[in-house]
Amino acid sequence: EAQVTQNPRYLITVTGKKLTVTCSQNMNHEYMSWYRQDPGLGLRQIYYSMNVEVTDKGDVPEGYKVSRKEKRNFPLILESPSPNQTSLYFCASSLGRIPNTGELFFGEGSRLTVL
Amino acid sequence: AQSVTQPDIHITVSEGASLELRCNYSYGATPYLFWYVQSPGQGLQLLLKYFSGDTLVQGIKGFEAEFKRSQSSFNLRKPSVHWSDAAEYFCAVGGNTDKLIFGTGTRLQVFP
């Protein structure tokens, strides 16, 4: 089954404790992206990647890191989480460039709480 | 600046009633427009998209949307809502960049 898989789905952590949210897709997609969803703000893009070893900042990259060492994986790293990073995070992928392919496939989300 | 506005935060309709969710966009170039649906506890799923051509586009689950360039709008419609349509709906705009700009969403509640 074609899917985007995120782990963990739920996480409660404390300020400053490094964490990684993994994202994996099995569709051989080139494009991958991370979003955060907050009430009243919709989805905001954190980082995206056009292909292996190619990443770029989205609208809200501060406090986050990503890497794209393999085509299928795109982990989101919070080196020193803070309470303002409490949010619902989505990983998404697309076959190619967004305007051309038009469809993002989303994971089920990872709800992160930073105390 | 590029932006998407969904004026209605929350809409409530009765099952079987018609539905229209509003979306207005601001985009300097030719826009590509999308509607996504997010069911509770799930990720987003594409309902429909508009790239060019016929301004009335059909999507999944009986939804349609109409692109009106003069009004910078891309409203989503459904003639008869089902209880399973209760979800949050997001409009998004893209173009010649590698990102989609999402609206803040409209939460749809359906009463029996």
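The values are calculated or read from the model by the stated rules, or taken from the named source; none is laboratory data. On a predicted model such as this, the values are computed, not experimentally measured, just so you know. Heads up, the Cβs are rebuilt from the backbone with ideal geometry, glycines too, and the neighbour counts pull from every protein chain shown.
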Identify, please: which residue in segment A:14-32 is at pLDDT 95 or above and part of a strand (DSSP E or B) and is, among those, surrounded by the most Cβ atoms within 10 Å (Cβ to Cβ)? A:C23
What number of residues within segment A:52-71 satisfy the criterion of being of a type in the set (S, T, N, Q) and within 11 Å of chain B (Cβ to nearest Cβ)? 0
Name, by its number, the condition in (1) out of contact with any Phe, Trp or Tyr (no Cβ under 7 Å at 6 or more places or on another chain); (2) at negative phi that does not hold for A:M50. (1)
Can you find a residue that is closer than 19 Å to A:L112 by Cα, buried (at least 18 other Cβ atoms within 10 Å of the Cβ) and touching a residue at least 60 places away in the same chain (Cβ under 8 Å) anywhere in segment A:71-82? yes
Check every one of the strands (runs of 3 or more DSSP E) wholly within chain B and list those with 2 or more residues that are touching a strand residue (DSSP E or B) at 6+ places or on another chain (Cβ under 8 Å) and farther than 25 Å from A:R97 by Cβ. B:10-14, B:19-21, B:64-68, B:73-78, B:87-94, B:106-111
Could you say which residue among B:F34, B:F51 is surrounded by 16 or more Cβ atoms within 10 Å (Cβ to Cβ) and either at pLDDT below 90 or more than 19 Å from A:G40 (Cβ to Cβ) (or both)? B:F34
For segment A:78-85, does any single residue satisfy the condition of being assigned to a loop (DSSP other than H, G, I, E, B) and at the interface with chain B (Cβ under 9 Å from one of its Cβ atoms)? no
Quick one: how many residues across segment B:56-71 are surrounded by 14 or more Cβ atoms within 10 Å (Cβ to Cβ) and under 17 Å from B:F90 (Cβ atoms)? 6
Among the residues of segment A:3-30, what is the count of those that are under 20 Å from A:K69 (Cα atoms) and of a type in the set (D, E, K, R)? 2
Considering segment B:54-112 alone, what residues qualify as being among the β-branched types (V, I, T), more than 14 Å from chain A (Cβ to nearest Cβ) and over 18 Å from B:Y32 (Cα atoms)? B:V81, B:V110
